[in-house]
Amino acid sequence: MNIEIFSIILTFFLSLLIILFKRSFVYFLVAIEIAFNSLLILFAINIKEKGFEFSTFFIYILAVVAAETAIGLSILLILTKGRESDNYDI
Amino acid sequence: MKILFLLMPITAFLILISRKYTHLLFFFFLNILVTSILYFFLKLNFFGLVVLLLYLGSILVIFVFLLPLLRIKEEIKERKFKVILYLLLTYLLIFLSLNLSSLFEKNDAYFEVKKFSEIVIKDYLGFELVSILLLVAIVGSYILIKDEH
């Protein structure tokens, strides 16, 4: 396995670890961003082989991530209105 | 380039061990920066710029402005000042800034924005529905946080 693929997979699993261990909504959202980021680089590496048409998926995923973050942050605002912690175990 | 690929999991690990939201956002910023530079190295300048604008320009800024609104009491006590960590980060930033200038000079863009835009407009016009998705997200988030009174 070359180092590029290894570091992408490692980043993805580190983002999963962030979700598991941090138990905070803010960390959770950031971890999702990092996971998407690492997977998008895999897409970008494959664009050279698959052609330009493949790159439309890239923009589509980016738009979905942006939309998901906007919704996620607004949900976070609602959830933490009457609370002093953003721990999702409480 | 391989060093840059290795910096991506390192910044993710720094997020994992960070204990304050400000540190989290700083390491997130570094992660995005490294990722966008990787796109430039892969000769996909357009995607590098899109990632840089979208993540640094919108998502990170939203995070920065949102944190004071949350009014969360940070229960974790701050650690002692880690000199080695901050020296490492300073070295990283210097390394990146030195390499950035040479990156723009030598890079022959593989990705042609003109060709890509022609494909999106002519062949994949349904792709424009993504903008509706973003609009729905904006309206949805407004409805969610709207004060009833």
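The values are calculated or read from the model by the stated rules, or taken from the named source; none is laboratory data. Keep in mind that what you see is a predicted model, and the values were worked out from it rather than measured. Reconstructed Cβ throughout: ideal geometry from the backbone, glycine too, with neighbour counts over all protein chains shown.
Against the definition (in contact (Cβ under 8 Å) with a residue 12 or more places away in the chain and at the interface with chain B (Cβ under 7 Å from one of its Cβ atoms)), how does residue A:8 come out, yes or no? Considered against the rule, which asks whether it is in contact (Cβ under 8 Å) with a residue 12 or more places away in the chain and at the interface with chain B (Cβ under 7 Å from one of its Cβ atoms), residue A:8 comes out as no. Residues that are crowded, with 19+ Cβ neighbours inside 10 Å, more than 7 Å from chain B (Cβ to nearest Cβ) and not in a loop (DSSP other than H, G, I, E, B) do not occur anywhere in the stretch A:80-88.
Filter the stretch B:1-41 for residues that are among the β-branched types (Val, Ile, Thr) and crowded, with 18+ Cβ neighbours inside 10 Å and give the result. Can you show your working first?
To start, the set of residues in the stretch B:1-41 that are among the β-branched types (Val, Ile, Thr) comprises B:3, B:10-11, B:15, B:17, B:22, B:32, B:34-35, B:37.
Selection gives B:10, B:11, B:15, B:32, B:34, B:35, B:37.
Residue B:38: modelled with pLDDT under 85, in a helix (DSSP H, G or I) and facing chain A (nearest Cβ under 7 Å), yes or no? Judged against the criteria, residue B:38 is not a match. Of all the residues in the stretch A:12-61, those that are touching a residue at least 60 places away in the same chain (Cβ under 8 Å) and at the interface with another protein chain (Cβ under 7 Å from one of its Cβ atoms) number 1.
Residues in the stretch B:124-149 that are at pLDDT below 80, within 16 Å of residue A:58 (Cα to Cα) and surrounded by 10 or more Cβ atoms within 10 Å (Cβ to Cβ) were compared, and the one that is farthest from the chain's Cα centre (by Cα) is B:124.
Could you identify the single residue in A:19, A:71, A:59 that is farther than 25 Å from residue B:138 by Cα and either in contact with a helix residue (DSSP H, G or I) (Cβ under 8 Å, 6 or more places away or on another chain) or among the hydroxyl-bearing types (Ser, Thr, Tyr) (or both)? Just a single option satisfies the conditions, and that option is A:19.
Which residues, taken from the stretch B:5-21, are touching a residue at least 12 places away in the same chain (Cβ under 8 Å) and part of a helix (DSSP H, G or I)?
Here is the first cut: in the stretch B:5-21, the residues touching a residue at least 12 places away in the same chain (Cβ under 8 Å) are B:5, B:7-8, B:11-12, B:14-15, B:19-21.
Scanning the stretch B:5-21 gives B:5, B:7, B:8, B:11, B:12, B:14, B:15, B:21.
Residues in the stretch A:40-56 that are closer than 26 Å to residue B:141 by Cα and under 14 Å from the mean Cα position of the chain (by Cα): A:40 alone.
Just to check your reading of the model, which residue among A:9, A:45, A:41 is over 16 Å from residue B:15 (Cβ atoms) and either among the acidic types (Asp, Glu) or at pLDDT below 85 (or both)? After ruling out the rest, the residue left standing is A:45.
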